[in-house]
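Participant: So that we are looking at the same thing, I have put the structure below in structure tokens.
The values are calculated or read from the model by the stated rules, or taken from the named source; none is laboratory data. Not measured: the values here are computed from a predicted model. So basically every Cβ, Gly included, is an ideal-geometry build from the backbone, and we count neighbours across all protein chains shown.
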Amino acid sequence: MTPRRALATVATQALLGAAVGVLCGASSALFLALLDRATAWRLAHPPIVFALPLAGLALGVVYHRFGAPLRGGANVVIDRLHDGGATVPLRMAPMVLAGTVLTHLFGGSAGREGTAVQMGASLADQVAHRFKLHASTRRHLLTAGVGGGFGAVFGTPIAGTLFALEFSTLGRIEHRSLIPALTAALVGDLTTRALHITHTHYPAVAHLALTPSVLARWVLFGVAMALASAAFIELLHAVKRVGEKRLPSLPWRMAAGGAAVVAMRAALGTDDVLGLGVPVIVRAFTDPSLAPWMFLAKLVFTAVTLGAGFLGGEVTPLFFVGATLGNALARALHLPLAMGAGVGMAAVFAAASNTPLALSIMAVELLGAEVLPHVVVVNTVAWMLSGHRSIYPAQRVSHRKDGASLPSPVALRDLADDREG
């Protein structure tokens, strides 16, 4: 490639990535603003949680009638990245935005990353369709949409870039989409901040030397994070599988899931595990008296909410699971509380999404450079030991984690796995 052609390619990819970034940043800003208002309303009116089953019934009717092609969520995006196919419907963006906001308004336990990724990919694919771009350029823009959405919604553009490059194929980074993904993530984050959106501030962690003793404790820590990740994935898929078998009707399945959340909330006696749960995540960095069972409660609430069909992402709930479990393990293993919560916050989602590098960088963007190399060690252990599981069953595998090659890339949902590797 000549220098002139290389420069033209870079300029074109950066320009397209910037356009996608503006769309991702603006949509994420709207989404985060509405989400904040919905959460504030719920906290000011706690009884609204009792309406979650009715909200599930109503959302289920709308989603069943108009959202059938969108039910795969982020998996639709992964399939389009690998196999092409029809344009990601534009209606995905407003539907997942409204559905996620309503899920949080009525107290469902869900996150926001899935919504941002789906909105970003939907808007990016519309750009590709409008300008009739080549299939390879379309893949670049879809990747940019993922990076722009993820980076903008969390205020972590470099992690958003790596997440977009890492999440579609287990164990492989798609460098070909680096320029549009990085541009979209940076522009998306700048756009969101320009629209006066502020992100959660987490405490910076203090320096901790990586001695042999600390390393051994991090390995144990990683094992626990892998178990938590695997437990969440298995429970989430079990809730979906059993729910679809017992209640084939999506509206009634969502109503039943909402009723289950309301009943569990009454039994638990606290609203701390509803919604995003950000206040508890922040507490995990400093509170030595945090109940050690909080991680398990959030894990179950989120699996039931999302497994029943409510909309939202998994990142922030899994941050909650990891941070609170990390808090408990830090006390047991005599590790600094903030470091344990911070590393745990990243590790559970890193294992659940098969994106250990992206989540290591995300920890640095959120917590400061002192979290390295601890988070890399734990993320790697948790990712390796979690097996061929994922919250995104459409992820492709060309090489198993044990190093064995496959004749051709296979989606995790189709991979025969003995769950040991």
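For every residue, the table says whether it meets (1) surrounded by fewer than 19 Cβ atoms within 10 Å (Cβ to Cβ); (2) more than 21 Å from residue 391 (Cβ to Cβ); (3) not assigned by TED's automatic domain parsing to the domain that holds residue 248.
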site: 27; (1), (2), (3): no, yes, yes
site: 33; (1), (2), (3): yes, yes, yes
site: 45; (1), (2), (3): yes, yes, yes
site: 55; (1), (2), (3): no, yes, yes
site: 91; (1), (2), (3): yes, yes, yes
site: 100; (1), (2), (3): no, no, yes
site: 106; (1), (2), (3): no, yes, yes
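Participant: Yes or no: segment 81-98 includes at least one residue that is β-branched (Val, Ile, Thr), closer than 26 Å to residue 263 by Cβ and in contact (Cβ under 8 Å) with a residue 40 or more places away in the chain.
Facilitator: No, every residue in segment 81-98 fails to be β-branched (Val, Ile, Thr), closer than 26 Å to residue 263 by Cβ and in contact (Cβ under 8 Å) with a residue 40 or more places away in the chain.
Participant: So residue 84 passes all but one of these: (1) more than 29 Å from residue 141 (Cα to Cα); (2) surrounded by fewer than 23 Cβ atoms within 10 Å (Cβ to Cβ). Which condition number does it fail?
Facilitator: (1)
Participant: Filter segment 321-353 down to residues that are surrounded by 24 or more Cβ atoms within 10 Å (Cβ to Cβ) and either within 13 Å of residue 381 (Cα to Cα) or of a type in the set (D, E, K, R) (or both), then give me how many there are.
Facilitator: Count: 9.
Participant: Identify, from the list 73, 25, the residue that is under 26 Å from residue 187 (Cα atoms) and at pLDDT 95 or above.
Facilitator: On inspection, the qualifying residue turns out to be 25.
Participant: As an exercise: evaluate residue 311 against (1) crowded, with 21+ Cβ neighbours inside 10 Å; (2) of a type outside the set (Gly, Ala, Ser); (3) at pLDDT 95 or above and give the number of the one condition it does not meet.
Facilitator: The single condition residue 311 does not satisfy is (3).
Participant: For the condition at pLDDT 95 or above, surrounded by fewer than 24 Cβ atoms within 10 Å (Cβ to Cβ) and not assigned by TED's automatic domain parsing to the domain that holds residue 316, what is the one hit in 155, 148?
Facilitator: Within the list 155, 148, the selection yields 155.
Participant: Picking from 355, 324, 380, which residue would you name as being under 14 Å from residue 228 (Cα atoms), in the same structural domain as residue 297 (by TED's automatic domain parsing) and in contact with a helix residue (DSSP H, G or I) (Cβ under 6 Å, 6 or more places away or on another chain)?
Facilitator: When all the criteria are applied, what remains is 324.
Participant: Same structure, new question: Out of all the residues in segment 250-295, which are closer than 22 Å to residue 112 by Cβ, part of a helix (DSSP H, G or I) and free of Cβ contacts under 8 Å to residues at least 40 places away in the same chain?
Facilitator: Within segment 250-295, 279, 283, 294 qualify.
Participant: Checking the condition surrounded by 14 or more Cβ atoms within 10 Å (Cβ to Cβ) and free of Cβ contacts under 8 Å to residues at least 24 places away in the same chain, which residue from 235, 247, 208 passes?
Facilitator: Matching residue, one of 235, 247, 208: 247.
Participant: Do you know which of the residues in segment 390-421 that are among the basic types (Lys, Arg) and either outside any loop (DSSP other than H, G, I, E, B) or in the same structural domain as residue 236 (by TED's automatic domain parsing) (or both) is modelled with the highest pLDDT?
Facilitator: 396
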